[in-house]
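Asker: Got a structure here, written out as structure tokens. Questions coming.
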Amino acid sequence: MKKKIVILPGDGIGQEVTAEGKKVLERVAELFGYQFEFDTALIGHQAIEATGDPLPPETLDKLRNCDAILFGAVGHPKYDNDPGAKVRPEQGLLKMRKELGLYANLRPIKLFDELLGASSIKPEILKGSDILFFRELTGDVYFGKRGRENDNQTAYDTMIYSRYEVERIAHKAFRAAQTRRKKVTSVDKANVLESSRLWREVVQEIGKQYPDVELEHQFVDAAAMKLIQNPKSFDVVVTGNLFGDILTDEASQIAGSMGMLASASVGDSVGLYEPIHGSAHDITGKGIANPLASILSAALLLDISFGAKTAADAVIAAVEQTLRDGYRTSDIADANTSKDKILNTSGMGQAVLDRLKH
Ligand code: NAD
């Protein structure tokens, strides 16, 4: 197998964790006899500093001409406290998703048994949780009309969805459910929002084409509660951009830490793989970021974009073995973790590499 992979480290800990994800891909290539050609490109604050543009045309060009993308994160404190800034790192991310037609974000929330104690939720409620989120990425309030009026005294964002946007992600969710426990939960706010009523109507129509899959609807407020109360009741969850953004961060607590969750953004062409966390300014440069979400993103890349399921499973098994051997980064350590088992970012990356086998 010969493939071109673009590494987009971005900002903050994005730089630190993608370095470890890349090492894992390099080792996989050696072990499995694949030829991976790597390139890197600028995005986010880094790109603004270098070119004035959060997604420079050279980056977009490289992304359009590769087989898969391993992305870190974008964001910088400078913009977080300056809501009026005209050019912002996250514009690069939103534009990239739009330009590459990445309309579905897949977020597997799977708990490693070794981390049952790291979550703030009781182990007996968590054990066995395995949820696959499909968050719509290119619609909703993030792309609807927005503005200020009334002399800056009023601001608005428009929640907007079109039928085709709901149809295509609903198909992806139902197909995924067919290979899992055959249940789709569609999350909306159809009791209040018109865009949610269209969402529900379309999901119901598409659901009829998948009679082997059970379909249930939940309002987002109830879903937020049930995720914590009974996470095992969910299999595949499909939802819009805003609700998905919030619910998947909430669900990260099921996996113990933001540093454990990988995601895949897919559409009709190249796939993009990234941790769900951001650039984490509070720990940037300290070398303590957990690289496992980036490493698990590399596993998703192998599986979804390259169809290399055996290699992907080998990466996941190496992560599992590392955790079983007691190694932790500080975000997933608990009172029982001895000090000598707490690793820094590169130490954790190395521990996974040491356990990676064909
Ligand atoms: P964040 O995800 O960066 O961090 C939230 C908390 O989780 C922090 O305490 C952080 O230290 C911790 N954390 C996150 N990843 C970790 C890891 N790998 N290992 C250990 N601990 C980890 O979210 P935030 O603090 O709300 O945002 C910081 C910046 O990131 C902002 O500028 C925001 O806009 C940006 N952001 C970017 C993305 C993205 O690029 N996809 C997503 C979310 C936030």
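The values are calculated or read from the model by the stated rules, or taken from the named source; none is laboratory data. If you're wondering where the values come from, they're calculated on a predicted model, not measured in any experiment. Don't worry about glycine lacking a Cβ; one is built from the backbone with ideal geometry, like all the others, and counts go over all protein chains shown. Areas reflect the complete protein model, heavy atoms only, side chains present, ligands, DNA and RNA absent. Shrake-Rupley method; radii C 1.70, N 1.55, O 1.52, S 1.80 Å.
Asker: Return only the number of the condition from (1) under 30 Å from GLU320 (Cβ atoms); (2) out of contact with any Asp or Glu (no Cβ under 9 Å at 6 or more places or on another chain); (3) in contact (Cβ under 8 Å) with a residue 12 or more places away in the chain; (4) not acidic (Asp, Glu) that LYS122 does not satisfy.
Answerer: The one condition LYS122 does not meet is (3).
Asker: For the range 277-288, does any single residue satisfy the condition of being within 7 Å of the ligand (Cβ to nearest atom), open to solvent by less than 10 Å² (accessible area, probe 1.4 Å) and under 15 Å from GLY21 (Cα atoms)?
Answerer: No; the residues of the range 277-288 include none that is within 7 Å of the ligand (Cβ to nearest atom), open to solvent by less than 10 Å² (accessible area, probe 1.4 Å) and under 15 Å from GLY21 (Cα atoms).
Asker: If I filter the range 85-129 down to residues being open to solvent by 50 Å² or more (accessible area, probe 1.4 Å), within 15 Å of the ligand (Cβ to nearest atom) and part of a loop (DSSP other than H, G, I, E, B), which single residue comes out as nearest to LEU55 (Cα to Cα)?
Answerer: VAL87
Asker: Can you find even one residue in the range 54-64 that is touching a residue at least 60 places away in the same chain (Cβ under 8 Å), more than 17 Å from the chain's Cα centre (by Cα) and more than 16 Å from the ligand (Cβ to nearest atom)?
Answerer: Checked against the condition, which is being touching a residue at least 60 places away in the same chain (Cβ under 8 Å), more than 17 Å from the chain's Cα centre (by Cα) and more than 16 Å from the ligand (Cβ to nearest atom), the range 54-64 yields at least one hit.
Asker: Give LEU8, LEU31 a once-over and let me know the one that is farther than 23 Å from ALA318 by Cα and either at pLDDT 95 or above or in a strand (DSSP E or B) (or both).
Answerer: LEU8
Asker: Among what's in the range 295-327 and is within 16 Å of the ligand (Cβ to nearest atom) and more than 15 Å from GLY271 (Cβ to Cβ), pick the residue that is most open to solvent (accessible area, probe 1.4 Å).
Answerer: Here the answer is TYR327.
Asker: Could you give me the residue pairs with C-beta distances under 9 Å whose first residue belongs to the range 71-84 and is touching a residue at least 24 places away in the same chain (Cβ under 8 Å) and open to solvent by less than 60 Å² (accessible area, probe 1.4 Å), whose second residue is within 8 Å of the ligand (Cβ to nearest atom) and among the β-branched types (Val, Ile, Thr) wherever it lies, and which are 6+ apart or on separate chains?
Answerer: Between residues of the range 71-84 that are touching a residue at least 24 places away in the same chain (Cβ under 8 Å) and open to solvent by less than 60 Å² (accessible area, probe 1.4 Å) and residues that are within 8 Å of the ligand (Cβ to nearest atom) and among the β-branched types (Val, Ile, Thr), the close pairs are GLY72/ILE13; GLY72/VAL17; ALA73/ILE13; ALA73/VAL17.
Residue by residue, here is whether (1) open to solvent by less than 10 Å² (accessible area, probe 1.4 Å); (2) more than 16 Å from the ligand (Cβ to nearest atom); (3) under 22 Å from MET348 (Cβ atoms); (4) of a type in the set (S, T, N, Q) holds:
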| site | (1), (2), (3), (4) |
| --- | --- |
| LYS2 | no, yes, no, no |
| LYS22 | no, no, yes, no |
| ARG27 | no, yes, yes, no |
| GLY33 | no, yes, no, no |
| HIS45 | no, no, no, no |
| GLY52 | no, yes, no, no |
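Asker: Continuing with the same structure: Looking only at the range 329-346, filter to residues that are open to solvent by less than 50 Å² (accessible area, probe 1.4 Å) and touching a residue at least 40 places away in the same chain (Cβ under 8 Å); which one of those is farthest from the ligand (Cβ to nearest atom)?
Answerer: ALA333
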